[in-house]
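Engineer: Supplied in structure tokens, the structure appears directly below.
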Amino acid sequence: MNRTSPHRSLARRAAVAASVAGGIAATALLATAGASATSATHHHRPAAEKPTIVLVHGAFADSSSWNGVIKNLQREGYPVIAPANPLRGLHEDAAYLRSLLDSTPGPVVLVGHSYGGSVLSEAADGADNVKALVYIASFQPDVGESTSALAAKFPGGQLGEALHSVTVPQPDGDTATDLYIQQDKFRAVFAADVSRNTAKLMAATQRPITSAALDDTATKTAWKTIPSWSLITTQDLAIPADSMRFMSKRANSHTTEIDASHAVTVSHPRAVSKLIDAAARDTTG
């Protein structure tokens, strides 16, 4: 008869116990990892699945006016592009933006501030990848309307009297008129709720727009076929709030009002990014 020694039997039992314990631990680890992955997927979509946010600045500003908004959106995992709007002419600017939209893969949420709204309304018409339009203290012109006419449609605007004009040469030998906001009036009419130091920097780095760009009339209206959102700034002295309300209501935009100046992208970036996020979730989620 063969007998197993007590020492060998104990060793075998210990090995079996260790194997079982290891299997249980591995199973528990896999379950935990799976639960974590499921939770992460539920709460945060991968960046690749989120739409690209394209931010279009308006007159007397540049792409840096979106910096606070961009930080918030990137923190949420959105790809972001904030191109330089040429500010040379409505149709030229729209053609430039459309080339960017056509080269951007996947869905896009298109956002415009001020004159940027006029440009995106023209550029996004027929762009299948643009899923939502977001107008931030912005213009939403209909066919035949100009930015300048909409700015003057209701009383309350003070921008016109603060402008300084400069004659500039054109490539064809003709001339155009560039418009700037006088630096000593910039904060009062454009950025009243921005700190004095920041407003001084914005005034010094402002980009001019041609008078022709403001007077050009729209030939397309993307907001008639693409869902839109609108943020109305009630303390705005560049575009009267009533003008924004008129345009937003006409476009059936999802509308939010905020107690802010025209420079809301700088003074309230959190509110701006929250509205963009809402538009993105509603149309691409």
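The values are calculated or read from the model by the stated rules, or taken from the named source; none is laboratory data. Owing to the predicted nature of the structure, the values given are computational and were not obtained by experimental measurement. With ideal geometry, Cβ positions are generated from the backbone for all residues, glycine too; neighbour counts draw on all protein chains shown. Surface accessibility is based on the protein's heavy atoms, side chains included, excluding ligands, DNA and RNA. Shrake-Rupley method; radii C 1.70, N 1.55, O 1.52, S 1.80 Å.
Engineer: How charged is the neighbourhood of Glu122? Take every other residue with its Cβ under 13 Å from the Cβ of Glu122, and add Lys/Arg as +1 and Asp/Glu as -1.
Structural biologist: Overall, the nearby charge balance is -3.
Engineer: Using a 1.4 Å probe, what is the accessible area per residue for segment 43-187, in Å²?
Structural biologist: Accessible area per residue, segment 43-187: 42 Å².
Engineer: If I stretch the segment between Gln183 and Ala278 completely, what's the gain in nm (0.36 nm per residue apart, minus their alpha carbon distance), one decimal?
Structural biologist: On the way: separation 95, 0.36 × 95 = 34.20 nm, distance 3.52 nm.
Extending this stretch completely gives an extra 30.7 nm.
Engineer: Which of Lys131/Lys224; Lys71/Lys224; Lys200/Lys274; Lys50/Lys249; Lys224/Lys249; Lys220/Lys249 have a Cα-Cα distance over 21 Å?
Structural biologist: Lys71/Lys224; Lys200/Lys274; Lys50/Lys249
Engineer: Can you send over the carbon and sulfur percentage of the accessible area for segment 178-276, probe radius 1.4 Å, protein chains only? Can you show the working numbers first?
Structural biologist: Working: 2230 of 4450 Å².
Carbon with sulfur: 50 percent of the solvent-accessible area.
Engineer: Additional query: Which shape class applies to segment 167-285: rounded if a/c is under 1.5, otherwise prolate when a/b exceeds b/c and oblate if not, where a ≥ b ≥ c are the square roots of the Cα gyration tensor eigenvalues?
Structural biologist: Cα axes put segment 167-285 in the oblate bin.
Engineer: For segment 87-146, with all protein chains present and a 1.4 Å probe, just round the carbon and sulfur fraction of the accessible area to a whole percent. Each step should come with its number before you reach the end.
Structural biologist: On the way: 910 of 1680 Å².
Accessible surface attributable to carbon and sulfur in segment 87-146 totals 54 percent.
Engineer: Between segment 110-131 and segment 151-198, what is the C-alpha centre distance in whole Å?
Structural biologist: 23 Å
Engineer: What order, most packed first, do the peptides 233-244, 209-220, 174-185 have when packing is the mean number of other Cβ atoms within 10 Å of each residue? Walk me through the numbers before you get to the answer.
Structural biologist: Numbers: 233-244: 20.8, 209-220: 19.2, 174-185: 14.8.
Ranking, from highest mean packing down: 233-244, 209-220, 174-185.
Engineer: Near the amide H of Ile53, under 5 Å away, which other amide H atoms are found, from residues 5 or more places off or on another chain, if H is placed in the peptide plane?
Structural biologist: Long-range HN contacts for Ile53: Val80, Ile81, Val109.
Engineer: In addition: So how much slack lies between Lys249 and Ala176, counting 0.36 nm per residue of separation and subtracting their Cα-Cα distance, in nm?
Structural biologist: 22.8 nm
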